Amino acid sequence: MILAAGRGERMRPLTDTCPKPLLKVRGRPLIVWHIVNLVRAGITDIVINHAHLGQMIEDALGDGAQWGARIRYSAEGTALETAGGVARARHLLDEEPFIAVAADIWCPQFDYAMAKDVLQDNDVWGNPHARESRDVAWLYLVKNPEHNPRGDFALESYSVANEGDPRYTFSAIGVYRPEIFDAIKPGESAKLAPLLRHYATRRQVGGEVYRGTWADVGTVERLEALNAPQIQRKSQ
């Protein structure tokens, strides 16, 4: 699932006439970077939620066939926050763990293939308490950027913790068991962070550090920095 319902207030005036996921980084819309990378990893069934200028997203991407994908849409009208958006689209997701990524990050080398089985491997067959103890989410964390110096979570032997050091920033790429969203009613607005912190307290959130190229394209200045001409250096 690609999360594309945000208004992009900090990206105004660009987002007054263009939804943030369609803003281009190095000639390609942000959301298309994700679609291409997902398809490259063999993940072709994609759900996209949208709200602000959502029809423009549907018009631009269509059914996804041009990239070898099968795209379905979850229109929200009014954005429901991340967890609320997933709950609204729950009928489009099956019962297996799924990947969710925010449309407004840029991570051109992220290999989604490595995320496909992280939660399946966590099941403990024959253990009657496995459902209560298994990981319900797997988060990819990154080194803290300048705009989030204190980070979001700590990591202890592939277990995400609310407290501790060193701390990392959640990349907005995660794998989730769909049932953790079942308590949220379709159409209800709900944030993802409190849900993750709840399960992290129960030590049911796994994770790892992603060290590749990553950027949160949250402001006009960050977008301009990514699109700035690259300095060509002559080899010595």
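Annotations
- FRET efficiency, 1/(1 + (r/R0)^6) with R0 30 Å, evaluated for Lys24 and Glu58 via beta carbons: 0.95
- Relative to the current alpha-carbon distance between Arg203 and Gln120, full extension at 0.36 nm per residue lengthens the span by 28.2 nm.
- Label point distance in nm, Thr17-Ala75, each placed 7 Å from Cα along Cα→Cβ: 2.3
- Residue among Gly207, Gly85, Gly64 with the largest mean-square fluctuation in a Gaussian network model of the chain, springs linking Cα atoms under 10 Å: Gly64
- Of the residues Leu92, Gln120, Ile173, the one whose Cα sits farthest toward the positive end of the charge dipole of the chain, with +1 on the Cβ of Lys and Arg and -1 on the Cβ of Asp and Glu, is Ile173.
- Farthest towards the positive end of the charge dipole of the chain, among the residues Thr15, His198, Leu38, is the Cα of Thr15, using unit charges on the Cβ of Lys, Arg, Asp and Glu.
- Stretching the chain fully between Glu221 and Ala65 yields a gain of 52.9 nm (0.36 nm per residue, less the alpha carbon separation).
- For region 2-220, the residue among Thr219, Val209, Tyr73 whose Cα projects farthest onto the positive side of the dipole built from Cβ charges is Thr219.
- Charge dipole magnitude, Cβ of K and R +1, D and E -1 - region 2-220, Cα centre, debye nearest 20: 480
- Bridge type composition, the chain - antiparallel percent by DSSP, nearest 5: 55
- Distance between region 19-57 and region 133-207 - C-alpha centres, whole angstrom: 23
- Gain upon complete extension [His147, Asp94; 0.36 nm per residue less C-alpha separation]: 15.5 nm
FYI, it's all coordinate maths here, none of it is from the lab. The structure displayed is predicted, hence computed values, not measured ones. Please note: Cβ atoms are built from the backbone with ideal geometry, for glycine as well, and neighbour counts cover all protein chains shown.
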